[in-house]
Structures are given as structure tokens and as C-alpha cells.
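Notes follow the structure.
The values are calculated or read from the model by the stated rules, or taken from the named source; none is laboratory data. Predicted model, so just to flag it, every value in this text is computed and none were measured. Note: ideal-geometry Cβ built from the backbone for every residue, glycine included; neighbour counts use all protein chains shown. For the accessible areas, the whole protein counts, side chains as well, though only heavy atoms, and no ligand, DNA or RNA atoms are used. Shrake-Rupley method; radii C 1.70, N 1.55, O 1.52, S 1.80 Å.
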Amino acid sequence: MQKIENVSIMELVGGFEAYADAAELNFEASADAPAITPTLTTIAYTKASVAATAASVKWGC
């Protein structure tokens, strides 16, 4: 048996003639993703960047 580390993804899926549609998998997410996450991430990143810049200016780093 060949080790999985030595097999490329194309070798694994290369022999299939047809693939399952997403609806056929009968899979549901365990929880809905919050719609606000990208906005909160952007706000937090911006605040951290402004604070770092202010600190560099104030303390001459």
C-alpha cells in the first residue's frame, strides 16, 4: 500500500468519472456564520494599526 504523503490529489481523484453535487452530500453546517464578522475584523485591524502607528510616533520607535 502506498503512503498518502506520496500521492498527489490528482492521482486520488483522477479515476472518477462523476462527482457528487453538494446537495447529494446531505451536509449542513453546524452553525450559521455571523454576517458581521468581516466588518468587525476590519474595525479591529484598523484600530490596532492606528494604535501601533500612534505609539511609534509618540515614543519614536
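Things worth noting here:
- Under the simplified labelling scheme, the Thr39-Tyr19 pair shows an inter-label distance of 3.4 nm, with each label point 7 Å from Cα along Cα→Cβ.
- Using a probe of 1.4 Å, the accessible surface attributed to Asp32 totals some 150 Å² when neighbouring protein chains are kept in position.
- Here the Karplus relation 6.51 cos²θ - 1.76 cosθ + 1.60, evaluated at θ = phi - 60°, turns the backbone of segment 45-60 into coupling constants of 5, 5, 4, 5, 5, 5, 5, 5, 5, 4, 5, 5, 5, 5, 9, x Hz, with x for every Gly and Pro.
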